Amino acid sequence: MEPRNKFLTSWNTFEDPSPGRYSLKVDPITRNSLIIVLNVSKSYWSSEAWDDRLRIFKEDTDLRFGGNLSFNVKESCITDSVRNQTTPFRLVMDISGQLKVYNWLEKNKMWDSPWSVPNQKCKVYGYCGSFVICNEHSSCKCIPTFRRPYSLDSNDSSGSCVSEINLTNQCGKDIDKFLPLQNMKLPNDPEEKQTFTSCESACLAYCYCKAYAYDGNRCLIWTK
C-alpha cells in the first residue's frame, strides 16, 4: 500500500460498496506507522512505529493478534499473512472506523472477527475534545484549570474544555506555569516551532500557545 495513492477504504454502508468515510494508509510523514483517516484527511487513529528488527509495532499490543504482519518501510507498503493459517483470512476496513481481521469458521459457516483496532475509545483522536483527558474507566475529564463550557439553557455540558484563565492577558508577565501530563498521546495538528532556547520558553513567548511537547528534536506547540 503506497501512501500517496493507495488506501484500504471502508464501504459506504453494509449494502453500498462505494468508498466510505474511513481509510487505512501508511503515515506519509513518519512512513513507519499506520493511520486511519476520516473523510480523506482527518486523523482518526494511529499505530505506534514499526520495529523492523522485532517485526512488531513498538509498544502497540493492539496490533499483535497472533499473526505475522510484515511492514516494508523502504517501499512504504504493507503485506499481511498469518502463521499456520489453513482457513480463509481477510483484513477489512470496516464502516464503523475499525480495522478488523476476519477468520472463516468452517464448522459454523461464518466469518469471525477476533481482533480489531481501535478497540478503546481513548485510542480515537479527539474522542473527548480539546484539553480533555480520556480515561477508559471513567468519563472524559478536563485537565486542571480548564472546564466544560456549560449551555446557557441547561446544566448539561459537552465538547472541548476551555481555560478558566485568560492566558492572552497574562502573556509576558512571567507568571505562567505548565502542568506536566505523563503517558499522554499527543493531539494531532501541532505547530512545529523553530527555537534556539527550550521548548517551554518558546511556548511562553508565544501568547497563543496553550501546550507544548518536545518530541525528539522537535518542539511542538498547540494553540487550540
Discussion item. Suppose we keep only residues that are of a type in the set (G, A, S) and surrounded by fewer than 14 Cβ atoms within 10 Å (Cβ to Cβ) within segment 7-49. Which one would you say is farthest from M93 (Cα to Cα)?
Written reply: S41
Discussion item. Quick check on K42: is it under 24 Å from G129 (Cβ atoms) and at pLDDT 85 or above?
Written reply: yes
Worksheet item: If you go through segment 195-221 one residue at a time, how many are in a strand (DSSP E or B) and either farther than 22 Å from N183 by Cβ or touching a Leu at 6+ places or on another chain (Cβ under 9 Å) (or both)?
Response: 6
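The values are calculated or read from the model by the stated rules, or taken from the named source; none is laboratory data. Predicted model only: the values in this text are computed from it and were never measured. Positions of Cβ are generated from backbone atoms using ideal geometry, with glycine treated the same way; all protein chains shown enter the neighbour counts.
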